[in-house]
Amino acid sequence: MVEPTAARDVETWDATVVRVLKSHDVRLVAHVPDKVLAPLIRRLVDDDFFTVVSPAREEEAVGIVAGAYLAGMRGIALMQTSGFATLPNVLASLALPFQLPILMLVSERGTLGDFQLAQAMVCSTLRPILQALKIEHFAIQRMDEVEFVVGQMIRQAYATQAPAAMILSPLLTARRGGIQ
Amino acid sequence: MTAIRHLSRADAHVMNRSALTRRLVARLPDDVAVVGGIGHTHFDLWAAGQRARNFYMLGSMGLAVPIALGVALAQPRRRVIALEGDGSLLMQLGALGTVMAARPKNLAIFVWDNGAYQITGAQPTATSAGVDLVAIARGAGIAAATWAADEAHFEALVELALSGDGPLFVAARTDNQPPAGTTDRDAARIRMRFMDALKQG
Ligand SMILES: Cc1ncc(C[n+]2csc(CCOP(=O)(O)OP(=O)(O)O)c2C)c(N)n1
């Protein structure tokens, strides 16, 4: 009898992200928590490969990742949409003029069924900010896109000395059944 | 740890930022990395002699400490110093808790407390109304936190920053004399010089 797909050993999005970060030697993780990111954060904390810090603000996370890059260590900042909305100043004054490949993984809240108006309104600032700053960004919607998008965005960020925002869409992180 | 003294802000002599920055830089071995914050902090760092391992943080108020923490985590064997102004630190006080939790043995934070946002017109900061940044650092769990009582004590604290276990937090009260120079603000050059130097010893 063939088992249903769900029962087989299928990699989850967070496990794929961890694998891709490792393959690109991204070792430093600075995060401000988010519920969607929780399983990823757990994996990163449990894995000795990563140095994980938990700053009080997302701006700090960008500063820490910037400093580590200057000193030769690759890093990524994890946050939710509201955290990203606190970042235009640090991106425009630090990441862009100093040409720093700051990797950001943003859990997209406030869309596709969110119950909080505040989250929804903050969400509407995400893409306009990225577009105004001309920062490369892409929303990952399907499990079969995770490896390629994360890997290629990391590659491009370091090759072009530019920050990059990988957006985790609820289509990837919240859709139940079907392709998780 | 005798250089760590239990002083309050009122006990600390008011000194001159340019002179203190020169004293600091004069004692630094070449391999020490310094991240200078916004305001007149990086101006005086620049004016004290442009070391290859200086990073001049131009626009991101409050982020000298997080950037220095990132450098310290990436290169745990290199001594790293964050230089920050009181107004800037007040904007990012949470960073002190982050530093404490990360426990970088190689990081020292030096703060110039002139009680003002000097560069924007010397408007008073909250320290001039009584906020004690050393007490805040201690409250954040950085046990090695102290005011520099005077120039001799400051020099002893620089020695501690170079030899002791961090994180260390030092605040010095400073006057409102203008800085000794103006930083050359070519961001790409600053980055490349700093990165190249940090690849070496
Ligand atoms: C987020 C942000 N708010 C305000 C400013 C404007 N600003 C630049 S420097 C500065 C004052 C810095 O004060 P302090 O760190 O005490 O240094 P000082 O000027 O006294 O040397 C201010 C308010 C800014 N650059 N960024």
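Whenever a residue of the stretch A:107-133 is on the phi < 0 side of the Ramachandran plot, its partners that are loosely packed, with under 12 Cβ neighbours inside 10 Å, lying with C-beta atoms within less than 9 angstrom and at least six residues away or across chains, give the pairs A:SER107/A:LYS35; A:ARG109/A:LYS35.
Output the number of residues of the stretch B:155-178 satisfying the condition of being within 16 Å of the ligand (Cβ to nearest atom), within 15 Å of B:VAL111 (Cα to Cα) and not small (Gly, Ala, Ser).
We begin by selecting, within the stretch B:155-178, every residue within 16 Å of the ligand (Cβ to nearest atom); these are B:169-178.
Remaining after also requiring within 15 Å of B:VAL111 (Cα to Cα): B:169-176.
Going one step further and asking which of them are not small (Gly, Ala, Ser), we end up with B:169-170, B:173-176.
Matching residues across the stretch B:155-178 total 6.
Counting only residues that are part of a helix (DSSP H, G or I), at the interface with another protein chain (Cβ under 7 Å from one of its Cβ atoms) and either surrounded by fewer than 23 Cβ atoms within 10 Å (Cβ to Cβ) or β-branched (Val, Ile, Thr) (or both), the stretch A:71-97 holds 3 of them. Being over 18 Å from B:LEU7 (Cβ atoms), within 14 Å of chain A (Cβ to nearest Cβ) and either touching a Ser or Thr at 6+ places or on another chain (Cβ under 7 Å) or open to solvent by less than 50 Å² (accessible area, probe 1.4 Å) (or both): is that true of B:ALA126 here? So B:ALA126 does not fit the description; no. Restricting attention to the stretch B:108-154, the residues being away from the ligand (no atom under 13 Å from the Cβ) and part of a helix (DSSP H, G or I) number 11.
Given the criteria open to solvent by less than 40 Å² (accessible area, probe 1.4 Å) and within 14 Å of chain B (Cβ to nearest Cβ), does A:VAL52 qualify?
Values: open to solvent by less than 40 Å² (accessible area, probe 1.4 Å): no; within 14 Å of chain B (Cβ to nearest Cβ): yes.
For A:VAL52, the condition - open to solvent by less than 40 Å² (accessible area, probe 1.4 Å) and within 14 Å of chain B (Cβ to nearest Cβ) - is not met.
For beta carbons closer than 9 Å, sequence separation of 6+ or different chains, a first residue in the stretch B:180-194 that is in contact (Cβ under 8 Å) with a residue 40 or more places away in the chain and a second that is charged (D, E, K, R) and open to solvent by less than 20 Å² (accessible area, probe 1.4 Å), the qualifying pairs are B:ALA180/B:ARG17; B:ALA180/B:ASP44; B:GLY181/B:ASP44.
The values are calculated or read from the model by the stated rules, or taken from the named source; none is laboratory data. This one's a predicted model, so the numbers in the text were calculated from it and none came from an experiment. Don't worry about glycine lacking a Cβ; one is built from the backbone with ideal geometry, like all the others, and counts go over all protein chains shown. Surface areas here come from the heavy atoms of the whole protein model, side chains and all, with no ligands, DNA or RNA. Shrake-Rupley method; radii C 1.70, N 1.55, O 1.52, S 1.80 Å.
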